[in-house]
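Scroll down for the structure; my scribbles are underneath it.
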Amino acid sequence: MTTPLVRFAPSPTGYLHIGNARPALLNYLFARRQGGRFLLRLDDTDRERSTEEFAGAIHEDLAWLGITPDLFARQSERTARYEVAKEALSAQGRLYPCYETPEELDRRRKRQLGRGLPPIYDRAALNLTVEEKAAFAAQGRRPHWRFKLDHKVVTWNDLVRGDSHVDCASLSDPVLIREDGTALYTLPSVVDDGEMGVTHVIRGEDHVTNTGVQVQIFEALGFPVPIFAHHNLLITADGEGLSKRLGHLSLRSLREAGYEPAAVDSLAVLTGTSEAVRAVASLDELADLVDLGRISRAPARFDPAELDVVNAQLVHAMPFTEARERLLALGVAEETAEVFWTVVRANLGKVAEASEWWRIVAGPVSPVIQDAGFAERALSLLPDRPFDAATWKSWTEAVKQQTGAKGRALFMPLRLALTGLDHGPDLAGLLPLIGRERAIRRLAGESA
Ligand code: GLU
């Protein structure tokens, strides 16, 4: 068996969003599991809308997800290959010039619809005589080129959808070449997949109809037809498709908002499959869970709130070694960083929230003293040394004995005095980090 080669082929016309992460990851994880290779190909034939900035962002965003392509190509550098394919299809009579303007085509479509007919291109251009074509050329009109479909049913065994078919008799002959001579997506994609030896085309189900057409082009150009897998698309909770307009779900805004890449990976891959959506910390583990055959046929409903849940799961289980650099960057002192992490991580939704708890540890905190007498007595009972994980228990026992306060009435005033907050990580862990000096000052009502 040949080594599988898959590709992710975005157009650099916007920032990648979580919906694009799905095909990127499904391809990458498939290659990883099968010992195959992953090609990143920029579908940048649309020169007006493609930008270098977006192209660069695609590399960065994939790297953030954990994807390192094995191969890279861009269509704008391969126009000569599309020219060759165009000639080959023309020579077979499969590509024919058309001169209709968009307005003419529109009028025709409306007429067909008015008569209850499907709005399919009627192939009028196939009947143009040599003289008529010459007359158009003399007027300065340049043709666009359509691929002459075989009116047959194209079938394939889809790795997600099983037996699949497209009846090409119900489709318009697709335009492959624009008036300015540049190729539209449909042809370059086939030429690249064919020449580069792509074995599996894993992409969204919005491309099912394209597959019918492209299989015919693969065959016409003499390429082996790859295996196809069309996955369901991520949609928002209210049923909307994810488009590049949904800026807050772009991978860069998710990164800037402090989400873990593994949270985005987990959600982008597991939503809409038979696996429960949950935090999966490594791409290897995720690769083992991905089975194209177990992707649902229904759209994958994506709930941003789930991203928070999954992110928190990852943070709660995150080993110190992984958090270390980021904690130091947040200003956490190196000598206590590990203990600090084990004390606070269960209270975090995102790693960056640790900075707020570090402020509670290192100060300044404005203590909230509800009952000065109580705080004073508690202060007088504060143990001396050692000041460690056992201190909280022995101290609160003593305060309970002396004041008779228990439960919430005992713990809440102490928490408010020590942290200025009514919630937070376990005080047994926090108190030694706060330290005796600061605890004394806070119990005395001083900002420290
Ligand atoms: N550039 C196409 C897209 O982003 C690629 C589709 C394909 O995978 O063939 O939809």
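The values are calculated or read from the model by the stated rules, or taken from the named source; none is laboratory data. All values derive from a computational prediction rather than experimental measurement. Backbone-built Cβ (ideal geometry, glycine too); neighbour counts: all protein chains shown.
Per-structure values
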{"item": "Selection count where residues are among the small types (Gly, Ala, Ser) and under 13 Å from Gly435 (Cα atoms), scope the stretch 333-366", "result": "2"}
{"item": "Condition met for Lys393 (of a type in the set (Lys, Arg), in contact (Cβ under 8 Å) with a residue 12 or more places away in the chain, more than 30 Å from Glu256 (Cβ to Cβ) and loosely packed, with under 13 Cβ neighbours inside 10 Å)", "result": "yes"}
{"item": "Only one of Lys110, Lys133 that is away from the ligand (no atom under 16 Å from the Cβ), of a type in the set (Lys, Arg), assigned to a helix (DSSP H, G or I) and more than 26 Å from Val84 (Cα to Cα)", "result": "Lys110"}
{"item": "Single residue of the stretch 266-279 satisfying the filter (touching a Leu at 6+ places or on another chain (Cβ under 6 Å) and not in a loop (DSSP other than H, G, I, E, B)) that is farthest from Leu159 (Cα to Cα)", "result": "Leu267"}
{"item": "Filter pass, Phe54 being outside any loop (DSSP other than H, G, I, E, B), within 30 Å of Leu270 (Cβ to Cβ), among the hydrophobic types (A, V, I, L, M, F, W, C) and touching a Ser or Thr at 6+ places or on another chain (Cβ under 7 Å)", "result": "yes"}
{"item": "Phe30 more than 13 Å from the ligand (Cβ to nearest atom), under 17 Å from the mean Cα position of the chain (by Cα) and either among the small types (Gly, Ala, Ser) or surrounded by 19 or more Cβ atoms within 10 Å (Cβ to Cβ) (or both)", "result": "yes"}
{"item": "Top-ranked residue in the stretch 195-207 [being within 12 Å of the ligand (Cβ to nearest atom) and touching a Lys or Arg at 6+ places or on another chain (Cβ under 8 Å); ranked as nearest to Leu29 (Cα to Cα)]", "result": "Val201"}
{"item": "Residue within the stretch 366-379 that is within 30 Å of Asp308 (Cα to Cα), modelled with pLDDT of 95 or more, crowded, with 18+ Cβ neighbours inside 10 Å and not small (Gly, Ala, Ser) present", "result": "no"}
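For (1) within 19 Å of Leu105 (Cα to Cα); (2) modelled with pLDDT under 95; (3) in a strand (DSSP E or B); (4) more than 16 Å from the ligand (Cβ to nearest atom), each residue gets a yes or a no:
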{"site": "Arg141", "(1), (2), (3), (4)": "yes, yes, no, yes"}
{"site": "Arg146", "(1), (2), (3), (4)": "yes, no, yes, yes"}
{"site": "Asp150", "(1), (2), (3), (4)": "no, no, no, yes"}
{"site": "Thr155", "(1), (2), (3), (4)": "no, no, yes, yes"}
{"site": "Val160", "(1), (2), (3), (4)": "no, no, no, no"}
{"site": "Asp163", "(1), (2), (3), (4)": "no, no, yes, yes"}
{"site": "Asp173", "(1), (2), (3), (4)": "yes, no, no, yes"}
{"site": "Pro188", "(1), (2), (3), (4)": "no, no, no, no"}
{"site": "Asp193", "(1), (2), (3), (4)": "no, no, no, no"}
